[in-house]
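Colleague: Structure incoming, see below.
The values are calculated or read from the model by the stated rules, or taken from the named source; none is laboratory data. Remember, predicted model here, so these are calculated numbers, not experimental data. Counting neighbours? That spans all protein chains shown, and the Cβs are built from the backbone with ideal geometry, glycine included.
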Amino acid sequence: MSHIPPLDPNVAARKGFRESEERLKRFWTAVDVAEGEGGWTVMLDGRAPKTPAHAKLTLPTEAAARLVADEWAAQGEFIDPATMPATRLASTAIDRISQAREPVADEIAAYAGSDLLCYLAEAPGSLVEQQAREWGPWRAWAAVELGVHLEPAEGIVHKPQDPAAIARVRELALRLDDFALTGLATAVPLLGSAVLGLAVQRAAVSGELAFDLSRLDEAFQEARWGVDAENAERTAARRAEAVLVDRWFRALEG
């Protein structure tokens with residue numbers, strides 16, 4: 001989402017984080033978390049690393065702090081930011097979200113206006129049936145559990161949704177704290193669906209299953225025509241991100 005662009009993910013130096021094109025060596029031995037004012041802080045040899053904006057890596061629950069700490073513990077001789085997605089989420093929540101909550105909620109809500117689950121194929125029949133079988137229950141879930149009523153359409157022509165539904169998604173997003181809102185702002189564009197994003201946040205569906213639901217069309221085409229190595233690698237990376245976001249939400253529950 002444009003208001004929370006991916007942070008250059010937590011390149012570390014001895015005095016905190018700094019942006020660098022150089023590979024930086026691991027400079028700590030022990031990784032732990034400590035409870036203190038404001039939550040649980042990641043500790044490297046007893047010292048708190050900093051976010052890119054020079055704030056402590058403090059999270060609201062011990063489980064969330066340990067999810068981040070585990071990434072630091074898993075680093076080898078050199079720091080690999082690509083292997084630290086939870087650290088990136090934490091830094092985004094701490095550094096960015098507090099100043100952009102309403103614009104981020106607006107962008108999440110905008111996905112409800114063109115939610116993936118509302119755009120049904122016109123053909124072939126087997127795909128139409130699969131979408132009805134697997135997407136329909138989640139639109140019904142959103143209506144009952146979220147108070148978000150979305151109308152499906154056939155084909156790719158945009159169908160305007162009830163502004164009340166979009167406003168409701170925005171309201172639900174703004175109810176979340178900065179850390180959960182960061183997770184939702186990651187999940188929704190990844191899945192192309194505000195409904196699926198909220199379902200993962202509320203533990204109504206796993207991140208992996210939500211990802212599978214989000215790519216029914218793509219999987220259908222792959223079954224017909226096959227998949228090349230590059231697309232398979234991209235899909236695997238996106239699936240891993242969906243699983244990580246699910247773990248992030250569950251860790252925030254404590």
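For (1) among the hydrophobic types (A, V, I, L, M, F, W, C); (2) over 21 Å from the mean Cα position of the chain (by Cα); (3) modelled with pLDDT of 95 or more, each residue gets a yes or a no:
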{"position": "2", "(1), (2), (3)": "no, no, no"}
{"position": "8", "(1), (2), (3)": "no, no, no"}
{"position": "13", "(1), (2), (3)": "yes, yes, no"}
{"position": "18", "(1), (2), (3)": "no, yes, no"}
{"position": "21", "(1), (2), (3)": "no, yes, no"}
{"position": "30", "(1), (2), (3)": "yes, yes, yes"}
{"position": "45", "(1), (2), (3)": "no, yes, yes"}
{"position": "50", "(1), (2), (3)": "no, yes, no"}
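Colleague: Let me ask something additional. Looking at the structure I just gave you, is residue 132 of a type in the set (A, V, I, L, M, F, W, C), assigned to a loop (DSSP other than H, G, I, E, B) and closer than 26 Å to residue 221 by Cβ?
Modeller: Values: of a type in the set (A, V, I, L, M, F, W, C): yes; assigned to a loop (DSSP other than H, G, I, E, B): no; closer than 26 Å to residue 221 by Cβ: yes.
Taking the combined requirement at face value, the residue does not satisfy it.
Colleague: Consider residue 196 against the criteria (1) at pLDDT below 95; (2) crowded, with 19+ Cβ neighbours inside 10 Å: it satisfies all of them except one. Which criterion is unmet?
Modeller: So residue 196 meets the others, but not (1).
Colleague: Scan segment 135-146 and tell me whether some residue there is farther than 29 Å from residue 27 by Cβ, at pLDDT 95 or above, part of a helix (DSSP H, G or I) and among the acidic types (Asp, Glu).
Modeller: yes
Colleague: Continuing with this model, one more query. Go through segment 117-126 and give me each residue that's out of contact with any Pro (no Cβ under 8 Å at 6 or more places or on another chain) and either of a type outside the set (A, V, I, L, M) or surrounded by 19 or more Cβ atoms within 10 Å (Cβ to Cβ) (or both).
Modeller: Step one: filter segment 117-126 for residues out of contact with any Pro (no Cβ under 8 Å at 6 or more places or on another chain), giving 121-126.
Passing the criteria: 121, 122, 124, 125, 126.
Colleague: Could I ask something else about it? Is there a residue in segment 171-191 that is under 23 Å from residue 126 (Cα atoms) and surrounded by fewer than 22 Cβ atoms within 10 Å (Cβ to Cβ)?
Modeller: Taking every residue of segment 171-191 in turn, none turns out to be under 23 Å from residue 126 (Cα atoms) and surrounded by fewer than 22 Cβ atoms within 10 Å (Cβ to Cβ).
Colleague: Hey, another quick one. Which one of 144, 148 is touching a residue at least 12 places away in the same chain (Cβ under 8 Å) and under 15 Å from residue 198 (Cβ atoms)?
Modeller: Step by step, each of 144, 148 is checked, and only 148 is touching a residue at least 12 places away in the same chain (Cβ under 8 Å) and under 15 Å from residue 198 (Cβ atoms).
Colleague: Go through segment 74-89 and give me each residue that's among the hydroxyl-bearing types (Ser, Thr, Tyr) and either touching a Pro at 6+ places or on another chain (Cβ under 8 Å) or touching a residue at least 60 places away in the same chain (Cβ under 8 Å) (or both).
Modeller: 87
Colleague: Specify which of the listed residues (215, 250) is more than 26 Å from residue 102 (Cα to Cα), at pLDDT 95 or above, surrounded by 14 or more Cβ atoms within 10 Å (Cβ to Cβ) and of a type in the set (Lys, Arg).
Modeller: None of the others qualify; the one that does is 215.
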